[in-house]
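Encoded as structure tokens, the structure appears first; notes follow it.
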Amino acid sequence: MKKYLLVLLGLFVLTTTTYSQELTEKEKARQEKEARKQAKENAKKEAKLKKAAKKDAKIADLRADYEEFLAEWEPIEANIGIAEVDTFFIHTNELFALLQRVEENTSFIEMVPEPYFDEEMGVTDTIWNAKNKNTNEPIAKNDALKVYSIATLNLTEAAARGVSLTAESVSALASLTSDPLKALTIGKKVKQATKAIKMSVNVIPLIQRNIKENTEKLKYKKANEGQEVKEE
């Protein structure tokens, strides 16, 4: 009887050990599966962050090139004597003059966050104010909104002009084919202007988005703030 009990005990211990080992192996397999899944997700997140960083860097470079170009740009002489070319240069001058005006009217505005604790809601929130980054003087919200409203209209017009000018450049270049010397010298100016126009067309949506974001920030107010922000 005693020997029988020892055998049963041995079987119990063996079974329990085997079961525990099976559980351990299953748990180990589950953990390895989770680890692989997590590693895959981390790799995706890292790739997404790298892609976003690369895109942001590309946008920053594009904006820097655009701002540098506008700062140095001077009107092109439109007295070539060929209607298509002169018209193209006149319209190009008008476009860049408009974009320069937008840049001059908006580039000095800096958005300033103002964190505050909303006691009624029990949360920390942020409102945004505007200031002149050259003088550090505050800018009234309605004044900043007015500037952004005008700039938005100007950029809409500039975008349409840019698309039209891309087509005009083709006509300008075509009109130069009969004069090889002018095609070489004036054609170079047309191509340079066209390149700058295409760059501007690509940058305009970025400026519009930034203005839209800043406008929304300025219009946002505290939940308990009584003063409405109106756009005149």
message = What figure, in Å² to the nearest 10, do you get for the accessible area of TRP128 with a 1.4 Å probe and non-protein molecules left out?
response = 60 Å²
query = Tell me, what ³J(HN,Hα) does each residue in the stretch 110-119 have, in order and in whole Hz, if you take phi through Karplus 6.51 cos²θ - 1.76 cosθ + 1.60 with θ = phi - 60° and put x for Gly and Pro?
reply = 10, 8, 10, x, 10, x, 8, 9, 8, 5
query = Between ILE127 and residues 5 or more places away or on another chain, which pairs have amide H atoms under 5 Å apart, with H built 1.01 Å from N, and which residues are they?
reply = GLU114, TYR116
ask   = When you count, for each residue, the other Cβ atoms within 10 Å and take the mean per peptide, how do 132-139, 33-40, 87-94 rank with the highest first?
value = 87-94, 132-139, 33-40
ask   = How large is ³J(HN,Hα), in whole Hz, for each residue of the stretch 206-215 in order, when computed from phi with the Karplus curve 6.51 cos²θ - 1.76 cosθ + 1.60 and θ = phi - 60°, using x for Gly and Pro?
value = 5, 5, 4, 5, 5, 5, 4, 4, 5, 4
query = What distance in nm separates the simple spin-label points at ASP179 and LYS50, each placed 7 Å from Cα in the Cβ direction?
reply = 5.3 nm
inquiry  = Keeping every protein chain present and rolling a 1.4 Å probe, give me the accessible area per residue for the stretch 92-155 in Å².
reply    = 56 Å²
key: Within straight-line cross-link reach of LYS33, lysines at Cα separation under 19 Å, skipping those fewer than 8 residues along the same chain   = LYS44, LYS45
message = What three numbers, in Å, describe the spread of the alpha carbons of the stretch 85-210 along their principal axes, ordered from the longest?
response = 76, 28, 19
query = Short version: ³J(HN,Hα) in whole Hz for each residue of the stretch 185-196, in order, from phi by Karplus 6.51 cos²θ - 1.76 cosθ + 1.60 (θ = phi - 60°), x for Gly and Pro, what are they?
reply = 7, 6, x, 5, 5, 4, 5, 5, 5, 4, 4, 5
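The values are calculated or read from the model by the stated rules, or taken from the named source; none is laboratory data. Values in this document were obtained by computation on a predicted structure and should not be read as measured data. As a convention, Cβ positions derive from the backbone with ideal geometry for all residues, glycine included, and neighbour counts pool all protein chains shown. The area values use the complete protein model at the heavy-atom level, side chains included, leaving out ligands, DNA and RNA. Shrake-Rupley method; radii C 1.70, N 1.55, O 1.52, S 1.80 Å.
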